[in-house]
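The values are calculated or read from the model by the stated rules, or taken from the named source; none is laboratory data. Computed from a predicted model, the values in this text were never measured in an experiment. Here Cβ is always computed from backbone atoms with ideal geometry, including for glycine, and neighbour counts include all displayed protein chains. Only protein heavy atoms, including side chains, enter the accessible area calculation; ligands, DNA and RNA are left aside. Shrake-Rupley method; radii C 1.70, N 1.55, O 1.52, S 1.80 Å.
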Amino acid sequence: MNILHLSAVRNWGGGEKHIENLSLEMSEHHPEVSNIILCRKGSLFEQSLKNLELRHYTAPVFTSFDFRYVKKIIQVSKREKIDLIHIHDPNALSLAVLADHFFDLPPFIFSKKTSFPIRARRQTLFKYNYPKIKRILCVSEETKRVSLETLSDPDRFEVIYHGTSLKNKDQKCPFWIGSEYKLPEHSKIIGNIGNHIDAKNLESFVRTADFLVNKKNLKDLYFFQMGNFSELTPALKDLVQEYNLENHLFFSSYIPDASAFIPQFDMLLHTSKSEGIPQVIYESFYYKVPVVSTNVGGIPEVIEDKINGLLSDPYDFKGLGENLLFLLENPQVIPNFAKISRNKLFESFTSQIMAGKTLEAYKNALNGRLH
C-alpha cells in the first residue's frame, strides 16, 4: 500500500509531528505500507524530514494555488503508484482538489487537526465535501462535533487520537533553562511549547505570569515559552515589558525536539483559545509533568479536571494562575495526577495505537482497491 502524505505549511508544529510519528510507526509495525511525504520546499518540516531520513519530495507553495505543488502531486502519484492520498492541512486539500481536475488521483483521506469551525462558504464547502475524500479523521470528538455543524455525511468521520511516540524520549537538551537564564537555585519553571499563532492565546500566558509574579508576589516563579516567532511576537514582548516581567518570562524561538525540555518544567501551562489536542500535553503525561490548561477543543477528553490535571476557561488568566498556585501549595496531588495521566497515555494515546487505527481507516477507504 503506497500512501502519499500532503503538507503545505511553512512552519513545523503538532500536525507535522503527527505525520512523522505516523510514518515512523508504520515503517516499524506495518512495513507493507510505504509512506511518501510531499512538503513545502524550504520549510522547517523539510529539514526535519531530512534529519529523520523519511522519504519525501518538495515543491514550492507561495500562493494558495501554486501550480508547482499541484504538478508535483501528479508527478509523485504517477511515479510512486500511489494508492491513497492522506491530506494534512486545508491548503494542501485545496491543492489536491485542483490537481485532481488535471489528473485522476487516487482516493483522499483528510486529517482535521483543529477545532476551528468550517466556514459555510461555497468554495470551502466544495473542497471539504469533495467526493474523493473517503474519510475525515478527526483528532478529537470535539473536532468531529464542530465539523459536523457545517458538513454532512457523518459516516465519513472517524476520531483517531494522535498520541505521542514512546521512542527517542531521551534527547539531550541544547541547554539547561536555569543555567541559560541564570535562575536562582530553587526556582520553579512554568513551561509552554507552541508557535506564536492566534489560537495559542499567549497573551494569557503573559497575563498569568503577571498575576502570579506581580500580584501574588511569587518571585521564585519563572515562565519559559518556546515556539516559532511570528508577527504576533513583538506585541507579546511588549506585554512582557509592560508588566515588568523581563526577568521572569522568556521567549525562545523554534528549537528542534523542544519536548526534550519538558522534564525541566515543574508544570506545563497551556493557554490556547482553540485546539485539537496538542502533542505537548501527551508528552507532559509521559514525563510526569502536571498540566494546567484551558478547557478547549479535545483537551477535556484527555484531562479530567481535578483528576489528572486542572482546567480553566479560555482567557481566564486568574483561574489558570489559581490552578498553578494550587499545585504549588499542594504538591502531594502531583504524583497521582502524573500516574493517572501516564496510564491514560499508554492505554489510549500512543502513536503506535494511532498508526494501527489509521491503517484500518486506509483499508476502509480503499475497500480492497490496491495496485
Local net charge near VAL333, Cβ-Cβ under 14 Å (Lys/Arg +1, Asp/Glu -1)
-1
Taking the Cα centre of the range 239-361 as origin, sum charge times position over the Cβ atoms of Lys and Arg (+1) and Asp and Glu (-1), and report the length of that vector in debye to the nearest 20.
340 debye
So for the range 56-178, using the alpha carbon gyration tensor with a ≥ b ≥ c as root eigenvalues (a/c under 1.5 gives rounded; past that, a/b versus b/c decides prolate or oblate), I'd call it oblate
How large a share of the accessible area of the range 300-371, in percent, is made up of carbon and sulfur atoms when the probe is 1.4 Å and the other protein chains stay in place?
51 percent
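Go through LYS113/LYS344; LYS182/LYS237; LYS200/LYS288; LYS17/LYS172; LYS50/LYS339; LYS167/LYS237 and tell me which ones have a Cα-Cα distance over 28 Å in this structure.
Numbers: LYS113/LYS344 20 Å; LYS182/LYS237 20 Å; LYS200/LYS288 23 Å; LYS17/LYS172 18 Å; LYS50/LYS339 36 Å; LYS167/LYS237 35 Å.
LYS50/LYS339; LYS167/LYS237, as the Cα separations exceed 28 Å there.
Expressed in nm to one decimal, what extension gain is obtained for the pair LYS169 and LEU366 from 0.36 nm per residue of sequence separation less their Cα-Cα distance?
Residue separation times 0.36 nm, minus the Cα-Cα distance, leaves 67.5 nm.
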Check: the range 1-40 dipole with +1 on Lys, Arg Cβ and -1 on Asp, Glu Cβ, in debye
300 debye
From DSSP H assignment alone, runs of 4+ in the chain each adding -39500 (n - 2.57), the sum over residues rounded to the nearest 500 puts [θ] at 222 nm at -11000 deg cm²/dmol
Scaled radius of gyration (Cα, divided by 2.2 N^0.38 Å) that the range 254-317 gives:
1.06
Length gain on complete extension for the stretch LYS357 to LEU325, per 0.36 nm per residue less the alpha carbon to alpha carbon distance?
7.6 nm
Mind jotting down the distance between the C-alpha centroids of the range 313-371 and the range 20-49, whole Å?
22 Å
Once you have all Cα-Cα distances for the range 190-300, histogram them in 5 Å bins from zero and send the whole-percent values.
2, 12, 24, 25, 22, 12, 3, 0
Quick check for me: using +1 on Lys/Arg Cβ and -1 on Asp/Glu Cβ, what's the dipole size of the range 85-136 about its Cα centre, in debye to the nearest 20?
280 debye
Carbon and sulfur atoms account, in whole percent of the 1.4 Å probe accessible area of the range 44-179, for 53 percent
Assuming a ≥ b ≥ c are the square roots of the Cα gyration tensor eigenvalues, decide whether the range 313-371 counts as rounded (a/c under 1.5), prolate (otherwise, with a/b larger than b/c) or oblate.
oblate
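Can you bin the range 48-116 into rounded, prolate or oblate? Criterion: square roots of the alpha carbon gyration tensor eigenvalues sorted a ≥ b ≥ c, rounded for a/c under 1.5, prolate for a/b above b/c, oblate for the rest.
Cα axes put the range 48-116 in the rounded bin.
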Quick one: order TYR243, TYR362 from most to least accessible surface, probe 1.4 Å.
TYR243, TYR362
Span from the the range 84-159 Cα centroid across to the the range 286-307 one, whole angstrom
27 Å
For the chain, with +1 on Lys and Arg beta carbons and -1 on Asp and Glu, the positive-most of ILE133, HIS29, LEU218 along the dipole:
ILE133
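Report the calculated FRET efficiency for LYS339 and SER253 (r = Cβ-Cβ distance, R0 = 45 Å), to the nearest 0.05.
Values: r = 34 Å, r/R0 = 0.76.
Step by step, r from the Cβ atoms, then E = 0.85.
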Using a probe radius of 1.4 Å on heavy atoms only, what accessible surface per residue do you get for the chain? Whole Å² is fine.
45 Å²
